[in-house]
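Please read the structure below before turning to the comments.
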Amino acid sequence: IEASISQIETRGERLYTVIIRDITERRKAEHDLRESEERYRRFFEDDLTGDYIARADGTLLDCNPALARILGFPSVVSAMQCNALSLYSSPETREAFFEVLRTRGRIEEYELDLLRPDGQTIHVVTNAIATMDDDGRLVEYKGYMYDITERKKAEHDLKNSVAFLNSLIDQSPTPMWIADERGTLILINKACCTLLHVDEAEVVGKYNIFNDNIIQEQGFMSLVRNVFEKGNVVRFPITYDTKHLKTLHL
């Protein structure tokens, strides 16, 4: 309960009035609010993604340890002292981000290049929601981000290794070709094109080994299927008349 006590005088006597109010529900609501705020704060602090709230001028209003770690700051305190506008890798990158945020009011799975204080460029994906004033101007925005620098590096390395492998295959003097899991030709090297008297554009994406009537007629299709279905390594001689290769069922 909450009690309010006041003093009054009447007929020379000093009296006291007490007004009592039941504040059980209010206290319960305050308790629930505190618990909710504590849960939110624990979630905010423990989240593995970098959570942030920032003003349009770049002032960080709040962030969690994960954001400080992603951006290369030793602590939340040091991260809060920076201006978010200085973290973009270029003015063009910054303007493109804010243009989308102002126009759409939100950003979803948006890739950004950011610059850490030590000069390292990192790649992140961010999601954010804008708060606008009555005149439609951006006031602040809040969201989260996660670091994809290692993924980008892996993609780059894979792309380079695939390009290197394709170059080796293409320049090899041994005729070679590669098909996908459905048997469709996806790569053929120069030596194979020369051997079979075909152009790359004529067969890549068009020839399918399971539709090869020559392999079928010479009785080797079951061996080919064993390669695709069981992973067997097979070897067989086959006769192609290059003058009649145009009759292949593509």
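The values are calculated or read from the model by the stated rules, or taken from the named source; none is laboratory data. Here the structure is a predicted model, which is why all the values come from computation and not from measurement. Methodologically, a virtual Cβ is constructed for each residue, glycine included, from the backbone with ideal geometry; neighbour enumeration extends over all protein chains shown. Ligands, DNA and RNA are excluded from the accessible area calculation, which covers all protein heavy atoms including side chains. Shrake-Rupley method; radii C 1.70, N 1.55, O 1.52, S 1.80 Å.
Return the total of residues in region 141-199 being open to solvent by less than 100 Å² (accessible area, probe 1.4 Å), acidic (Asp, Glu) and not in a strand (DSSP E or B). So the count comes out to 5.
Based on what the data block shows, is residue 73 over 21 Å from the mean Cα position of the chain (by Cα), more than 23 Å from residue 156 (Cβ to Cβ) and not in a strand (DSSP E or B)? Reasoning before the result, please.
On the way: over 21 Å from the mean Cα position of the chain (by Cα): yes; more than 23 Å from residue 156 (Cβ to Cβ): yes; not in a strand (DSSP E or B): yes.
Against the criterion (over 21 Å from the mean Cα position of the chain (by Cα), more than 23 Å from residue 156 (Cβ to Cβ) and not in a strand (DSSP E or B)), residue 73 qualifies.
Got a sec? Which of 88, 110 is of a type outside the set (S, T, N, Q), crowded, with 17+ Cβ neighbours inside 10 Å and more than 15 Å from residue 58 (Cα to Cα)?
Details: 88 fails: more than 15 Å from residue 58 (Cα to Cα).
Sole residue among the options that is of a type outside the set (S, T, N, Q), crowded, with 17+ Cβ neighbours inside 10 Å and more than 15 Å from residue 58 (Cα to Cα): 110.
Candidates are the residues of region 213-233 that are closer than 15 Å to residue 178 by Cα and assigned to a loop (DSSP other than H, G, I, E, B); the one that is least open to solvent (accessible area, probe 1.4 Å) is 231. Considering every residue within region 64-79, establish whether at least one is at pLDDT 90 or above and of a type in the set (Phe, Trp, Tyr). Scanning region 64-79 turns up at least one residue that is at pLDDT 90 or above and of a type in the set (Phe, Trp, Tyr). As a summary of the residue check, residue 154 satisfies the conditions (1) closer than 30 Å to residue 203 by Cβ; (2) under 15 Å from the mean Cα position of the chain (by Cα) except for the one numbered (1). Of the residues examined, residue 238 is not one that is touching a helix residue (DSSP H, G or I) at 6+ places or on another chain (Cβ under 7 Å), surrounded by 15 or more Cβ atoms within 10 Å (Cβ to Cβ), free of Cβ contacts under 8 Å to residues at least 40 places away in the same chain and not acidic (Asp, Glu).
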